[in-house]
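A.B. asks: Let me give you the structure first, and then I'll get to my questions.
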Amino acid sequence: MTTGVSKVVATDTALELIDTIKNKHGPVMFHQSGGCCDGSSPMCYALGDIMIGDSDVWLGDIGDAPFYMSKAQYEYWQYTQLIIDVVPGRGGMFSLEGPEGLRFLTRSRIFTDEERRELGL
C-alpha cells in the first residue's frame, strides 16, 4: 500500500549529517533495535554492514538511506511517525556519526486518525 504518510522522516539537520556521512563512507542505512544502550537510538551503518532479516521492518528512506526497525520495537512505535533528528554528543559506538560529535535521536508524534486509516492501522 502506497500512502502519502511517511512512517519515518528526518529534520534538515539530520539530512545534512546523513549527506556528510555518505560523502565520507558511501551509501548508508539505519537500524533501530530498541535494545538497551546503543540499540535504543537510531544507528547509522554503511549499507550492508548489518544483516536485515524477517525480524526487521522497513519504515522508509531518509536521505536516500533505508531505515529499519526491529519488529518487536515496531509493535510499540507503529502508531507514531518517527522524526530523526540530531543533537550534540556521542552517537552509538558503532554508528557512523560518532566522530562528528553529533548523534542521531528519534523523536516522534502520534499519527492522526486520518493518517492511521491511510496506513491501514
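A.B. asks: Exactly one condition in (1) assigned to a helix (DSSP H, G or I); (2) under 16 Å from Thr106 (Cα atoms); (3) at pLDDT 95 or above; (4) acidic (Asp, Glu) is false for Asp19; which is it?
C.D. replies: (2)
A.B. asks: Please state which of the following conditions Phe104 fails to meet, knowing it meets all the rest: (1) open to solvent by 20 Å² or more (accessible area, probe 1.4 Å); (2) in a strand (DSSP E or B).
C.D. replies: Answer for Phe104: the failing condition is (1).
A.B. asks: Of these, Ile110, Ile62, Ile52, Ile84, which one is under 14 Å from Phe30 (Cα atoms), surrounded by fewer than 16 Cβ atoms within 10 Å (Cβ to Cβ) and touching a strand residue (DSSP E or B) at 6+ places or on another chain (Cβ under 8 Å)?
C.D. replies: Details: Ile110 fails: under 14 Å from Phe30 (Cα atoms); Ile62 fails: surrounded by fewer than 16 Cβ atoms within 10 Å (Cβ to Cβ); Ile84 fails: surrounded by fewer than 16 Cβ atoms within 10 Å (Cβ to Cβ).
Answer to the selection: Ile52.
A.B. asks: May I pose another question? For residues that are charged (D, E, K, R) and free of Cβ contacts under 8 Å to residues at least 60 places away in the same chain, tally how many sit in the stretch 100-121. Steps first, please.
C.D. replies: As a first pass, look at the stretch 100-121 and keep what is charged (D, E, K, R): 100, 103, 107, 109, 113-118.
Adding the requirement that they be free of Cβ contacts under 8 Å to residues at least 60 places away in the same chain leaves 107, 109, 113-114, 116-117.
Summing the residues that are charged (D, E, K, R) and free of Cβ contacts under 8 Å to residues at least 60 places away in the same chain in the stretch 100-121 gives 6.
A.B. asks: Separate question: Looking at Val8, Val57, can you tell me which residue is in contact with a helix residue (DSSP H, G or I) (Cβ under 7 Å, 6 or more places away or on another chain) and at pLDDT 90 or above?
C.D. replies: Values: Val8 fails: in contact with a helix residue (DSSP H, G or I) (Cβ under 7 Å, 6 or more places away or on another chain).
Step by step, each of Val8, Val57 is checked, and only Val57 is in contact with a helix residue (DSSP H, G or I) (Cβ under 7 Å, 6 or more places away or on another chain) and at pLDDT 90 or above.
A.B. asks: Restricting attention to the stretch 33-44, does a residue exist that is farther than 18 Å from Val9 by Cβ, hydroxyl-bearing (Ser, Thr, Tyr) and in a loop (DSSP other than H, G, I, E, B)?
C.D. replies: yes
A.B. asks: Considering the stretch 67-91 alone, what residues qualify as being part of a strand (DSSP E or B) and either touching a Leu at 6+ places or on another chain (Cβ under 8 Å) or in contact (Cβ under 8 Å) with a residue 60 or more places away in the chain (or both)? Write out each step before concluding.
C.D. replies: At the first step, the residues of the stretch 67-91 found to be part of a strand (DSSP E or B) are 67-70, 80-88.
Within the stretch 67-91, Phe67, Tyr68, Met69, Gln81, Leu82, Ile83, Ile84, Asp85, Val86, Val87, Pro88 meet the criteria.
A.B. asks: Something else now. If Phe94 satisfies all but one of (1) in contact (Cβ under 8 Å) with a residue 12 or more places away in the chain; (2) farther than 17 Å from His25 by Cα, what's the number of the condition it fails?
C.D. replies: The one condition Phe94 does not meet is (2).
A.B. asks: Could you tell me which residue of the stretch 50-60 is farthest from Arg117 (Cα to Cα), considering only residues that are touching a residue at least 12 places away in the same chain (Cβ under 8 Å) and outside any loop (DSSP other than H, G, I, E, B)?
C.D. replies: Asp56
A.B. asks: In addition: Consider only pairs whose beta carbons are under 8 Å apart and that are at least six residues apart or on different chains; among these, list those whose first residue lies in the stretch 10-30 and is within 10 Å of Leu102 (Cβ to Cβ) and in contact (Cβ under 8 Å) with a residue 12 or more places away in the chain and whose second residue is among the aromatic types (Phe, Trp, Tyr) and part of a strand (DSSP E or B).
C.D. replies: What qualifies is Ala14/Phe104; Leu17/Phe104.
A.B. asks: Also, quick follow-up: Taking the stretch 27-49 as the region of interest, how many residues are modelled with pLDDT of 90 or more and open to solvent by 20 Å² or more (accessible area, probe 1.4 Å)?
C.D. replies: Total satisfying the criteria: 7.
The values are calculated or read from the model by the stated rules, or taken from the named source; none is laboratory data. In this text the structure is predicted, and so the values were computed from the model without any measurement. Backbone-built Cβ (ideal geometry, glycine too); neighbour counts: all protein chains shown. We work out accessible area using only protein heavy atoms, side chains counted, and drop any ligands, DNA or RNA first. Shrake-Rupley method; radii C 1.70, N 1.55, O 1.52, S 1.80 Å.
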